[in-house]
Amino acid sequence: CERARNICIVKTLAKLGHFPIRKSEKEAWFLSPLRSETQASFSVSLIKNLWYDFGIGKGGSAIDLIMALENCSAYEAAQSLQENIPLSFSPEKISDKRNSVQIKQINELKHPALIQYLTSRKIPLQIGQTFCHEVWYYLNNKTYFAIGLSNDAGGYELRNKFFKCSTSPKTVSTFLRGYKRLVITEGMFDFLSLKVLDDELFSSSDIVVLNSIGNINL
């Protein structure tokens, strides 16, 4: 089992036909092999050789991945890894500590690129500006900007055309106004789309945006 845990997850996924959508010196992002999605939210640490699926809030070692993919026991997963994917893991070398998303400034949503992204997702600008902000942030010593939806702990869910991430702490976003009906959506654009598609339901319900299926038990 220990040998199997040291088998490279990125190479394991490549053998199974899954390749990174984007990659940095510390992590690789994939479309989840465990479910259907259009934006990569499956992360693999190139430092720790661990995976995490933000959509379902689960992660682990190479053994955990094979168990989830093949619905098998840990012993069977270890055997499968060692027999079929004998690829050892070598940690990526980095010169600084682990970087995290750090907010630089928060503005009214008005950048043309973000407005264009909203338009492509069929969300009117007025709705986007009502519930979201334009968030500029640092990541890996570079500055980026995205549409940001704040959560109940002061963190932000960040989205633009090319990237999907969040700041810490990560939790749900609630819009509680004292109604008897509660509507739960998975993510930011489900929430905004509800406002577009059914304004009556949106305006007469308390709403919780999970921001991750992993938050469903909160």
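Odds and ends about this structure:
- Structure-based [θ]222 nm, the chain - -39500 (n - 2.57) summed over DSSP H runs of at least 4, per residue, nearest 500: -7500 deg cm²/dmol
- Violating pairs (Cα-Cα greater than 28 angstrom) within the set Lys48/Lys142; Lys26/Lys104; Lys122/Lys170; Lys142/Lys195; Lys11/Lys104; Lys26/Lys122: Lys142/Lys195; Lys11/Lys104; Lys26/Lys122
- Choice from Ser32, Ser73, Ser41 showing the highest fluctuation, given a GNM over the chain with Cα pairs closer than 10 Å: Ser73
- Diffusion of region 1-79 by Stokes-Einstein, at 4 °C in a medium of 1.567 mPa s and with Rh set to the Kirkwood radius over alpha-carbon pairs, works out to 104 µm²/s.
- Globularity index of the chain is 1.14 (Cα radius of gyration / 2.2 N^0.38 Å, N = number of residues).
- Fraction of accessible area attributable to carbon and sulfur, the chain (%, probe 1.4 Å): 51 percent
- Net charge of the neighbourhood of Gln116, taken over other residues with C-beta under 15 Å away and scored Lys/Arg +1, Asp/Glu -1, is +4.
- Look at the Cα gyration tensor of region 146-195: its axes a ≥ b ≥ c give a/c of at least 1.5 with a/b at or below b/c, and that counts as oblate.
- Gaussian network model of the chain, Cα within-10 Å springs - most flexible of Tyr144, Tyr75, Tyr117: Tyr75
- Accessible surface for the chain, divided over its residues, is 57 Å² per residue with a 1.4 Å probe.
- Highest-MSF residue in the chain out of Leu139, Leu13, Leu109 [GNM, Cα springs under 10 Å]: Leu139
- Using a cutoff of 8 angstrom between alpha carbon atoms and counting only pairs six or more residues apart, the relative contact order for the chain works out to 15 percent.
The values are calculated or read from the model by the stated rules, or taken from the named source; none is laboratory data. Every value quoted in this text rests on a predicted model; they were computed, and no experiment measured them. No Cβ is skipped: glycine too gets one built from the backbone with ideal geometry, and neighbour counts run over all protein chains shown. In case anyone asks, the SASA skips ligands and DNA or RNA and just uses the protein heavy atoms, side chains included. Shrake-Rupley method; radii C 1.70, N 1.55, O 1.52, S 1.80 Å.
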